[in-house]
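Comments concern the structure below.
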Amino acid sequence: MRLDDRALARLTAALAEVKRSEGRKVPRDALAKLGDALPPGVGMTIDFSAAETLGHPIVVLRPVSAGTDPGLAELTAREREVAGFLATGLRNKDIALALGISLATVKDHVHRILTKTGVDSRTAIAALWNSSGAPSAKP
């Protein structure tokens, strides 16, 4: 993945605005500008906790597959399986049986999916999954 000079300049300016927060909460508009600075097909992860050790956050850019929602791209293979089952409307207990894992593990996966995607409900996970074009899981 290679960024052109204009995209790199926009990204650098947006990152500078985020860096000015100096340990305080990063303003939402600064994060929005950072997201807007990304060219199509590029996702980003920011590790703000690295600033405690390194003095600055770690920013990782990565290609995002076409048709994949950036929030879904963050999910592990198992979390994607669970999200696919959620999209079919299965309960946690049924997902656990289908995958051969414990109910507590399914609950952990659902919590991580909610956190990574930034949505606030199982229904929102299903909507996000279905709108991405990803195939739903078959129990």
Checklist entry - What is the Rg over Rh value, at two decimals, for segment 70-131, using alpha-carbon atoms and the Kirkwood definition of Rh? => result 0.92
Checklist outcome for this item: Fewest-first ordering of Phe48, Phe85 by Cβ atoms within 10 Å yields Phe48, Phe85
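Under the 0.36 nm per residue contour assumption, what length would be gained going from the current alpha-carbon distance of Thr76 and Asp5 to full extension?
Numbers: separation 71, 0.36 × 71 = 25.56 nm, distance 3.19 nm.
Fully extending the segment from Thr76 to Asp5 adds 22.4 nm.
What is the gain in length, in nm to one decimal, between Phe48 and Ala127 on full extension, counting 0.36 nm per residue of separation less the C-alpha to C-alpha distance? Write out the running numbers ahead of the final one.
Numbers: separation 79, 0.36 × 79 = 28.44 nm, distance 2.89 nm.
Once the chain is fully extended between Phe48 and Ala127, it gains 25.6 nm.
Once the piece of chain linking Thr88 and Thr105 is laid out straight, how much longer is it, given 0.36 nm per residue of separation minus the C-alpha distance between them? The partial results should precede the final answer.
Values: separation 17, 0.36 × 17 = 6.12 nm, distance 1.87 nm.
Separation in residues times 0.36 nm, less the Cα-Cα distance, equals 4.2 nm.
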Checklist outcome for this item: Dividing the mean separation of Cα pairs under 8 Å (6+ apart) by the residue count of segment 70-131 yields a relative contact order in percent of 46
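Only the coordinates and a few stated rules stand behind these numbers; no lab work does. Just so we're clear, the structure is a prediction, and the values are computed from it rather than from any experiment. As a convention, Cβ positions derive from the backbone with ideal geometry for all residues, glycine included, and neighbour counts pool all protein chains shown.
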